[in-house]
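Report on the structure given below.
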Amino acid sequence: MPSLLSLYRKILFGRKPGWDQQPLPVIRVSVPQVSLSPAVVSDYAKVCGFNFDGKTLPPTFLYILAFRLHAVIFTHDAITFPLLGMIHLKNRITQYRPVTVSEQVRLECVLASSEQTDAGLEFELVSKVWVGDELVWEAHSIYLYRIESAGRRARPPKGSDMAWDNPKTWSLDDKLGWRYARASGDFNLIHLHPFLSKRFGFERVLAHGMWSKARCVAELMDKIGNRPCTLDVAFKLPLFMPGEVTFASEAKEDGLRFELRDQKGRRPHLSGEVTFHD
């Protein structure tokens with residue numbers, strides 16, 4: 001696997017001029033053989049709220065390996081804008097079967113497409129994991145590189161029509177960003193220090209989007225179990241730390257839907273669905 005130290009050295013100290021208005025090329029990165037560490041999985045599970053049995057990976061865990069390959073792509077010379085300040089808009093994970101910590105995996109990540117929108121440049125990264133010749137897991141991530149424009153500001157999103165009578169409440173302390181960074185390797189500075197968050201236009205430190213997704217999935221594991229499924233989320237509003245959030249879920253025809261909202265249950269930070277394949 002690529003070294004996080006060297007990648008973050010490039011991310012933090014490398015100079016990139018900004019988007020050159022050109023479509024992004026297709027970039028493919030792969031690692032042929034990766035061994036998994038029970039200690040790393042355990043640390044990740046603890047900070048995200050999963051009950052790790054010492055064998056089966058949480059469904060979201062493999063994303064932290066894929067993120068290293070994302071970082072390799074972000075530091076490619078063809079990417080002329082910086083990683084810091086980019087926004088993760090959507091993430092879809094498909095688990096075709098549970099993966100165990102004793103298995104060796106093969107990873108591939110592809111910068112597959114890009115398009116300019118009113119908000120900036122959106123692009124998709126597709127990550128896949130194999131055990132031998134068997135595709136066991138994949139993720140599709142949509143990122144946004146923001147471009148300042150004179151367009152009208154979008155209205156804040158509203159919660160769905162889900163029942164919100166008795167949601168669960170979670171408290172997020174100001175050290176959560178550091179704990180998740182150490183467990184996942186994602187040391188994006190907007191999640192770690194208020195000065196740097198403000199530099200990118202945020203009033204306080206933001207929680208990692210993929211922590212939010214993992215925490216929601218962990219809450220649903222008693223219903224998900226080891227079933228093949230797709231975990232689809234859209235990140236709606238920044239989640240600031242410290243703070244409190246509310247969570248609720250409900251059944252749908254072929255799975256579940258869920259939301260993570262603010263303390264009063266009005267504005268969604270994240271909306272998601274679980275779709276079972278069986």
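Numbers below:
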| item | result |
| --- | --- |
| Taking N as its residue count, the alpha carbon Rg of the stretch 1-88 over 2.2 N^0.38 Å | 1.31 |
| Value of [θ]222 nm, deg cm²/dmol, for the chain, DSSP H segments ≥ 4, -39500 (n - 2.57) each, nearest 500 | -6500 deg cm²/dmol |
| Note, ³J(HN,Hα) from phi for the stretch 61-78, Karplus 6.51, -1.76, 1.60, rounded to Hz, x at Gly and Pro | 4, 4, 4, 5, 6, 4, 4, 4, 6, 4, 5, 4, 5, 4, 8, 5, 4, 6 |
| Label-point gap, in nm, between ARG204 and ARG9 - each point 7 angstrom along Cα→Cβ | 3.6 nm |
| Accessible surface of the stretch 13-124, 1.4 Å probe, proportion on carbon and sulfur as whole % | 49 percent |
| FRET efficiency, 1/(1 + (r/R0)^6) with R0 30 Å, evaluated for ALA112 and GLU250 via beta carbons | 0.40 |
| Point-to-point label distance, ARG146-ASN166, nm (Cα→Cβ direction, 7 Å offset) | 3.9 nm |
| Computed lengthening from LYS175 to LYS223, 0.36 nm per intervening residue step minus Cα-Cα distance | 14.3 nm |
| In the stretch 228-274, the trypsin sites (Lys or Arg not before Pro) that fall in loop regions by DSSP, at most 12 other Cβ within 10 Å | LYS264, ARG266 |
| Extension gain, LEU237 back to VAL34 (0.36 nm per residue minus Cα-Cα distance, nm) | 69.6 nm |
| Length-normalised contact order for the chain - Cα pairs under 8 Å, 6+ apart - percent | 19 percent |
| Simple label model, 7 Å out from Cα along Cβ direction - THR100 to GLN263, nm | 4.5 nm |
| Flagged links, alpha-carbon separation over 26 Å, of LYS55/LYS213; LYS128/LYS213; LYS175/LYS213; LYS175/LYS252; LYS10/LYS46 | LYS175/LYS252; LYS10/LYS46 |
| Highest-MSF residue in the chain out of ARG182, ARG68, ARG15 [GNM, Cα springs under 10 Å] | ARG15 |
| Using alpha carbons only: equivalent-ellipsoid semi-axes of the chain, gyration tensor based, whole Å | 27, 25, 18 |
| For the stretch 25-151, diffusion coefficient by Stokes-Einstein and Kirkwood Rh (Cα), 10 °C, 1.306 mPa s, µm²/s | 101 µm²/s |
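The values are calculated or read from the model by the stated rules, or taken from the named source; none is laboratory data. Worth saying up front: this structure is predicted, and the values here are computed from it rather than measured. Counting neighbours? That spans all protein chains shown, and the Cβs are built from the backbone with ideal geometry, glycine included. Remember, those area values only see protein heavy atoms, side chains included, never the ligands or the DNA or RNA. Shrake-Rupley method; radii C 1.70, N 1.55, O 1.52, S 1.80 Å.
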